[in-house]
Each structure stands twice: as structure tokens, then as C-alpha cells.
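Here's the structure we're looking at; comments come further down.
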Amino acid sequence: MTNDLQQKAPQDKLRVTAGAPEKPMIFFGAALLVLCLLPLVVRNDYYLHVLIAIFYHIIYAATYRFILRTGQFHFGAHAFIGIGAYASVLLVMREGLSFWVAMPAAGIIAAIFAILIGYPTLRLKGIYFAIITWGFADTLRFIYMRFKEPFGGPLGIFSIPAPDPIAIPFLGKIDFSQKSHYYFLALFMMMVVLYILHRMEKSRFGLIFGAIRESDQLAKAAGINIMNYKVLAFAVCSGLAATAGSFYAHYTYYISPLDFSVLLTIYLAIYTIVGGQDRYAGVIFGTVILMLAGEIFAGYAHYQLLMYSGFLILVLLFLPGGMVSLPGTLSKYFTRTGPQQFEDNKYGPA
């Protein structure tokens, strides 16, 4: 009798687990539905612009976080975002290519740069790799500012054309004459990038990257070619970030070297840490919360950075796991204090 119950229990458990969808997938589907319907309700261009900016910053931050997850402290994310922006603009304006060709081409160009920089430098770790990537990024900024042809010099490049019109079945022709058109493109790009990074993190690659992060020497002793995997992560994330840089250039119609300063990478690091580096959703929460809060100080850049620094200090002191760990922390607190209060009061007042 006991054996029969023991055999049936796992089967019942499997049946319940298989029949019930995972909560994260339900939440993901509901959030996606809301985001798709939002432009039908929100008609204000300013609010759509804020959401568009959040979408491509999530791409920046998610790719930045993935590189951090491999154990490399990366301080040159703005370099590859800038490569994507400038490469796409030059391919469209100088070579006459379509935006839909230039954007993936810009991502490939950035990935090639990442491979060329990564192979000789990814052997370094910590502050040394951060300094090299920062130096590479500032070298590119100097080139953009020094050469007016073809990079526009310190004034940048004006009158960047919008993406070419595209016909989508059941939706008709989208000519990017409205903010909502950019909104759906940014949303689509964000979802694709997040899906790619999520699949990589939950696959065999994610396990290998985790092993390299914990101890690259032990991973190497286990037969893992750590350099190949480090370069793979660096190239893929740099290329994906560059496609978002391409979108940024054609969305704002203007780019300059000031758009790709080290301050951008600092912001991405703050988004990642405040949201929670260890959880996949952490970078999303961090970017959304800080960018929405930053809109309060949109006209005062120095106060905005001060606010971000305050968030960072508070999270490091009280929520080491990031803001995404707040529900779990509160749940543990109330679970711990609830029974204790009951034990203290079960015999009545003293």
C-alpha cells in the first residue's frame, strides 16, 4: 500500500506541474499584451517617447549584464552602441542601403570589432579589462570628434533618415511617420533580444558562462575553452547592443560623440546593480524604475545622476540582491516575524 502511494505521488505531481503554466510565462504574456495595446490608449507622443527610450535602454542594459555574468567587468559598452549607430548611418546615407539591411550589418560590424578587441584582452579580468575597454571607447570618440568626414566631427551627423517603409501582413504599410510606429519596432527588437539572451542563459551556454564566472581556471581544467566562450558572449552582446544603437540613430535623426560617452555605460551599470544582477528580470526592473524616476529630473542632469547614485547606495546597503529581490525579502521578513509574534502572544499578556 505504501509503495503504491509512493509511486502515485510523483506521477500526480508531474501531472499537476505539466498542466499548470509557469507563473513567469503568464506574467510575461500579460505584460506583452498590455504593451501591445498601450499605444491604442496612450496618444501622447511624450509618453510614447519615454517608453521607446526605456525599450532600447533595456537592450543596452541586458547585453551589458550578460557580459558581466561571464565574469568580465565591462566599461566600454558605449563604444559598441556608437559603432552600431555610426555604421548604420553611414551605410544608409553614404552607401544608399536600406535601414533594414544597415541595422543588422551594423550589428555584424560591432561584433567583428568585439572579436578583434576581445581575443587579445579577454585574458585580463577585473579593472584591467575595464580600463582597456574604456580606452577603446574613448579612442573611438576621439576619432568621431576629430574627423568631420565622414563622422561629422564634434557636431555629429544631422538629418538622419527614418527607417524605410515596410509592409506587414494584416497591419498594412508602416512608414514611421508616427511615434507609435517606432514604439512597435522598439518593442519587437527588445523582445527578440531578451528572448535570445534568455535562451542563452538557460541553455548549456549559460551553465558554461556561470562556471567561467565562478572560476575560469576550474572551468579550463574541466575542458572548457574559456577564451572562445568569453569572445562569443562579448561578440553576441556587442552586436545586439549595436542594433539598438542603429535604431537610436534613425529614431532621433541625429547623433554626436556626446551621445556615446562613458556616462552611458555608468548608467547601464547602475541599472543592472539596482535592479539585481543575479536575476534575469532584475535589469528590466532596474531600467524601468530608474528611467521613469529620472524623467522627474529630466531638465537637471546633475540631479539625475545624484538620484541614481542615491538609489545605488540604498540598494547596496539594504538590498544586495537588487530591487527585484524586494518581494522575497519582505516575504521572508513577515514569515519570520509572524510565527514569532504568535509564540510570544499565545499565552496572553504577561
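Read-outs: derived from the displayed coordinates by stated rules, not from any lab. From a predicted model like this one, the values you see are computed outputs, not experimental measurements. With ideal geometry, Cβ positions are generated from the backbone for all residues, glycine too; neighbour counts draw on all protein chains shown.
Computed over the stretch 210-350, the range of Cα coordinates on each principal axis works out to 71, 53, 21 Å, biggest value leading.
To the nearest ten degrees, helix 282-294 and the longest principal axis of the Cα atoms of the chain are 60 degrees apart.
Put a plus charge on the Cβ of each Lys and Arg, a minus charge on the Cβ of each Asp and Glu, and nothing anywhere else: the dipole of the stretch 190-237 about its Cα centre is then about 100 debye.
Candidates Phe184, Leu197, Ile166 compared by Cα position along the dipole of the chain: farthest toward the positive end lies Leu197, with charges placed on Cβ. Taking the dipole about the Cα centre of the chain, with the C-beta of Lys and Arg at +1 and of Asp and Glu at -1, give me whichever of Ala222, Gly135, Leu207 is farthest to the positive side. Of Ala222, Gly135, Leu207, it is Ala222. Length available on full extension from Phe73 to Asp175: 0.36 nm per residue minus the Cα-Cα distance, which gives 32.7 nm. Available extension along the chain between Lys220 and Thr335 is 37.2 nm, counting 0.36 nm per residue and deducting the alpha carbon span. In the elastic network of the chain, a GNM with C-alpha springs shorter than 10 Å, the most mobile of Thr243, Thr329, Thr265 is Thr329.
For Leu326 and Ile296, a Förster radius of 22 Å and the Cβ-Cβ distance give a FRET efficiency of 0.60, rounded to the nearest 0.05. Note on His302, His78: ascending count of other Cβ atoms within 10 Å places them as His302, His78, the fewest first.
Shown is the FRET efficiency for Ile127 and Ser159, computed with R0 = 56 Å from the Cβ-Cβ distance and rounded to the nearest 0.05: 0.85. Summing Cβ point charges (Lys, Arg +1; Asp, Glu -1) relative to the Cα centre of the stretch 178-304 gives a dipole of roughly 340 debye. Taking a sphere under 14 Å around the Cβ of Gln217 and counting the other residues whose Cβ falls inside, with K and R at +1 and D and E at -1, yields a net charge of +3.
Normalised by the residues of the stretch 73-192, what does the relative contact order come to in percent, with Cα pairs under 8 Å and at least six apart?
Reported as a whole number, the value is 25 percent.
Potential lengthening of the chain between Tyr195 and Ala167 amounts to 7.7 nm, from the contour at 0.36 nm per residue minus the alpha-carbon distance.
For the stretch 263-341, the Kirkwood radius over C-alpha pairs fed into Stokes-Einstein at 4 °C and 1.567 mPa s yields D = 98 µm² per second. When only the Cβ of Lys, Arg, Asp and Glu is charged (+1, +1, -1, -1), the dipole of the stretch 46-260 relative to its Cα centre reaches about 500 debye.
Largest first and in whole Å, the equivalent-ellipsoid semi-axes of the stretch 173-237 read 37, 10, 7, each the square root of five times a Cα gyration tensor eigenvalue. Each semi-axis of the equivalent ellipsoid for the chain is √(5λ) with λ an eigenvalue of the Cα gyration tensor; in descending order they amount to 39, 26, 24 Å.
Normalised by the number of residues in the chain, what is the relative contact order in percent for Cα pairs under 8 Å and 6+ residues apart?
26
Under 5 Å between amide hydrogens, built in the peptide plane, is the criterion, and for Ile255 it picks out Ile157 among residues at least 5 positions away or on other chains. Electrostatic bookkeeping for Tyr46 treats Lys and Arg as +1 and Asp and Glu as -1; over the other residues with beta carbon under 10 Å from its beta carbon, the sum is -1.
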